[in-house]
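The next block holds one structure in the form of structure tokens; read it before the comments.
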Amino acid sequence: MEENKIKEIFTIIEMFETTLCALKWHRHNSSAFLEIDSIITVYDFILNKLKVFCCNNIGFLED
């Protein structure tokens with residue numbers, strides 16, 4: 001796979017990680033725990049699936 005495509009996949013993973021952190025921060029400062037928790041669960045699941053896929057099929061990105 002081309003290096004640019006691999007970098008793009010890892011950029012997407014970083015975006016998911018940032019979004020997940022923001023959601024967790026929002027949950028800490030919000031009264032809508034159940035709604036935010038369900039969104040966090042979905043993002044966490046997708047992020048983990050992406051990481052596993054990348055590790056199994058691409059490997060780790062070399063800096």
**Study point:** Qualifying residue in segment 11-19 (condition: at pLDDT below 85, of a type outside the set (A, V, I, L, M, F, W, C) and in a helix (DSSP H, G or I))
**Key:** no
Exercise for review: Taking Val52 as the residue in question, decide whether it is aliphatic (A, V, I, L, M) and either farther than 23 Å from Glu3 by Cβ or in contact (Cβ under 8 Å) with a residue 24 or more places away in the chain (or both).
Suggested key: no
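Tally time: how many residues in segment 1-49 are of a type outside the set (Phe, Trp, Tyr) and either touching a Gly at 6+ places or on another chain (Cβ under 8 Å) or in contact (Cβ under 8 Å) with a residue 40 or more places away in the chain (or both)?
The total comes to 5.
Might you check whether a residue that is in contact with a Ser or Thr (Cβ under 9 Å, 6 or more places away or on another chain) and part of a helix (DSSP H, G or I) occurs anywhere in segment 48-57?
Looking for residues that are in contact with a Ser or Thr (Cβ under 9 Å, 6 or more places away or on another chain) and part of a helix (DSSP H, G or I), one finds none in segment 48-57, hence no.
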Study note, to complete from the structure: Of the listed residues (Ser38, Ser31), the one being part of a loop (DSSP other than H, G, I, E, B) and among the small types (Gly, Ala, Ser) is Ser31
Check your understanding: For segment 34-53, what are the residues that are at pLDDT below 85 and either touching a helix residue (DSSP H, G or I) at 6+ places or on another chain (Cβ under 6 Å) or among the hydroxyl-bearing types (Ser, Thr, Tyr) (or both)?
Key -> Ile36
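The values are calculated or read from the model by the stated rules, or taken from the named source; none is laboratory data. Every value quoted in this text rests on a predicted model; they were computed, and no experiment measured them. Note: ideal-geometry Cβ built from the backbone for every residue, glycine included; neighbour counts use all protein chains shown.
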